[in-house]
Amino acid sequence: MNINKPYDVIVIGTGAAGLMAAGQASIAGAKTFLLEKTDAPGKKLSITGKTRCNLTNTADLHAFIDHFGPEGRFLHQAFGQFFRNELLEFFNSIGVTSEAERGGRIFPSNGDAAFVTQQLYQWAQNNGVRCALHSPVEKLVVENGQITAVETRDEQIIPTKSVILCTGGSTFTGTGSTGDGYRMAQSVGHTIIPLRPALVPLKTAGPTAKQLQGLSLRNIKLSVFFDGKKKIEAFGEMLFTHFGISGPIVLTHSGAIVDAIRVGKQVNVSIDLKPALDEAKLDVRLLRELDQGGKQHFQTMLKRLLPAKMIAVCADLTNIPPDRLCHQITAQERKHLLNWLKDFKLDVIGPLSLETGMVTMGGVSLKEVDPKTMMSKIVDGLFFAGEVLDLAGDTGGFNLQAAWSTGWLAGQNAAAHALAIK
Ligand SMILES: Cc1cc2nc3c(=O)[nH]c(=O)nc-3n(C[C@H](O)[C@H](O)[C@H](O)COP(=O)(O)OP(=O)(O)OC[C@H]3O[C@@H](n4cnc5c(N)ncnc54)[C@H](O)[C@@H]3O)c2cc1C
C-alpha cells in the first residue's frame, strides 16, 4: 500500500454498499481506495437470495419503507435519489439484466449472485477505484473532529479526506461481516444501538419441532402471542427444524419476537393448520372423515388431513391412540383434535444466534447520521452505508436496496466532501 499519497475517499468493505459507494465516488472524481479484509470481494452478496441475489423489490416507495419498521423513515432521502428504477438501469448498464418474480422480488435474469458481485467489482475497478483484498482496517484516525486516515491491521496509516464505513452487520461471519464497523464507529464517538439478529430461525421448547424436522407447511396461519396477547397474525409457509421453527413467515416476524423476548415477554405461537375452514366447517369435515373411516385406525384417517410426518405428533398431542378405530372416537376426542388443528401451540424460547440471522438489527444510531448525505454528525468526513447502520428490512430484496441506495448516496457525498477540501 502507498502510505504517502492521501486519498479523497477510502471505502471499507466490498459488500453491496461498499462496491456501489466506491464506484460512485470514483465516477464523481474522487481518488478512491476500497479495502476488503477477506480474500474476495462481496462474499455475502454472492450468497444472497440462495445464491440468486434478490436485488430489490417492485413494492412502491411507501410500502418499501414500511418494510424497515420505524427506522425506515431514514431512507426517504436515499431512496428519493437512487431507488429501484435507477438501480435496475444501473445494473443493466453493467450487463446485469433482471426479472421480477413472485412477491415482487427482482432477481438477475441469470439467477447468479456471484455474477452480480463480479460485475460490480469490475465496474468499480474500470472506473478507477483502487482495490485491495486481505486488507482489514483496524482503526479510524480522527483529528479535531475530522477523519484524517485509517489504520490497517498491519499498522499502516493511510491518509484520506473521507471514509465510507461499509463493513456490514454481524451475521454469517464467515463472509467477513464480523461487526468491525460497530467497534470502529463507537471508538470515534458513535452510539451503537444493541445488536440483535433479525430474519432469524427461532428455538422452541420441547421435542415437538425436532419430531417434525424438515417438514414445510404451506397455507397455514401463524399467530404470535406476547405474554398471552395476540400481536402478530400471518399466513403463508413455515418450516420445522431440529431446534424449532423457520421459513418465510417465521423469519419475517422474527425481529419483533426477538425484541419481545429481550424485554422478558413470554412468546408462544399458535399454528392454524386449516385456516380455510372455520371451527364449524372443520367439525363437519371431521365428522365426515370419522364416519367414512369407520373401522379404520385413527392414524390412517389422519393421512387425509395431515402430512405423514405430523400424524404421530398429532396422536401424541391430542392424546388419541393412533390405533383407535374411527367409529370409537368420542365427541370429546373429536373436539381435542379440532382444537389442535386450529391451535397447535409451541413456546418460543429465543432466536438461534446472532450469527444465524440474515440481517443485524441495531448498529450505528441513525440520529447521528445525516440522511441527506450519509455523513456522520459527529466526525466530519466519516460516512456510513449499508447494514452497519441501524436498519433491518424484511426479506424480499429490501436490505440490498437499502445497501445500494445508501452506498450510492454516501459515494456521491463523500466525493463532494473530499473534493471541497483544499
Ligand atoms: C444468507 C443471506 C442471504 C441474503 N439474501 C438477501 C437477498 O437476497 N436480498 C436482500 O435484499 N438481502 C439479502 N440478505 C441481506 C443482505 O445480504 C445484507 O443486508 C447486505 O449484504 C448488506 O450489505 P453491506 O454492504 O452493508 O454489508 P456486507 O455485504 O456484509 O459487506 C461488508 C463487507 O465489509 C468487509 N469488512 C468487514 N470488516 C472489515 C474491515 N475491518 N476491514 C475491511 N473490510 C471489512 C466484509 O468482509 C464484507 O465484505 C441476505 C443475507 C444473508 C446472510
Worksheet entry | Full-stretch length increase - D278, D291 - with 0.36 nm per residue and alpha-carbon distance subtracted | 2.7 nm
Fill in: In nm, spacing of pseudo-spin labels at K210 and K5 (7 Å Cα→C-beta vector)
6.0 nm
Worksheet item: Accessible area per residue of segment 7-122 at 1.4 Å probe, in Å²?
Response: 40 Å²
Item to complete: Roll a 1.4 Å probe over the protein chains and send me the accessible area per residue for segment 201-352 in Å².
Response: 50 Å²
Worksheet item: For Q146 and D60, FRET efficiency with R0 = 45 Å and r from the beta-carbon atoms, rounded to 0.05?
Response: 0.70
Item to complete: Taking a cut-off of 17 Å between Cα atoms, list the aspartates and glutamates near K422, but don't count ones fewer than 8 places away on the same chain.
Response: D8, E143, D380
Worksheet item: Under 18 Å Cα-Cα from K303, which aspartates and glutamates qualify once same-chain neighbours fewer than 8 residues away are excluded?
Response: D272, D283, E289, D291, D316, D323, E333
Worksheet item: Using the membrane-span-like helix rule (whole DSSP H runs, Cα extent along the own axis of at least 27 Å, mean Kyte-Doolittle hydropathy at least -1.0), which helices of the chain qualify?
Response: 398-420
Discussion item. Distance cut-off 22 Å, Cα to Cα: go down the list K50/K372; K161/K372; K203/K229 and report the pairs above it.
Written reply: K50/K372
Fill in: Sequence ranges 217-223, 238-244, 272-278, ranked by mean other-Cβ count within 10 angstrom, highest first
238-244, 217-223, 272-278
Item to complete: Could you please report the charge total around L287, scoring K, R as +1 and D, E as -1 over all other residues with beta-carbon less than 12 angstrom from its beta-carbon?
Response: +2
Worksheet entry | Within the chain, helix-based [θ] at 222 nm, where runs of 4 or more DSSP H residues each add -39,500 (n - 2.57), nearest 500 | -10000 deg cm²/dmol
Response to the item:
Straight-line reach check, K5, cutoff 17 Å on alpha carbons, 8 or more apart in-chain or any other chain, hits among aspartates and glutamates -> E151, E155
Practice prompt. State, to one decimal in nm, how far the label point of L317 lies from the label point of D343, with both points 7 Å from Cα in the Cβ direction.
Written response: 1.3 nm
Worksheet item: Ignoring ligands, DNA and RNA, what percent of the accessible area of the chain is carbon or sulfur (1.4 Å)?
Response: 51 percent
Discussion item. Under 10 Å, Cα contacts only: if you run a Gaussian network model on the chain, which one of K342, K203, K303 comes out with the highest mean-square fluctuation?
Written reply: K303
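The values are calculated or read from the model by the stated rules, or taken from the named source; none is laboratory data. None of the values given here were measured: they were computed from a predicted structure. Cβ sites come from the backbone with ideal geometry, for glycine too, and all protein chains shown count toward neighbours. SASA here: full protein model, heavy atoms, side chains in, ligands and nucleic acids out. Shrake-Rupley method; radii C 1.70, N 1.55, O 1.52, S 1.80 Å.
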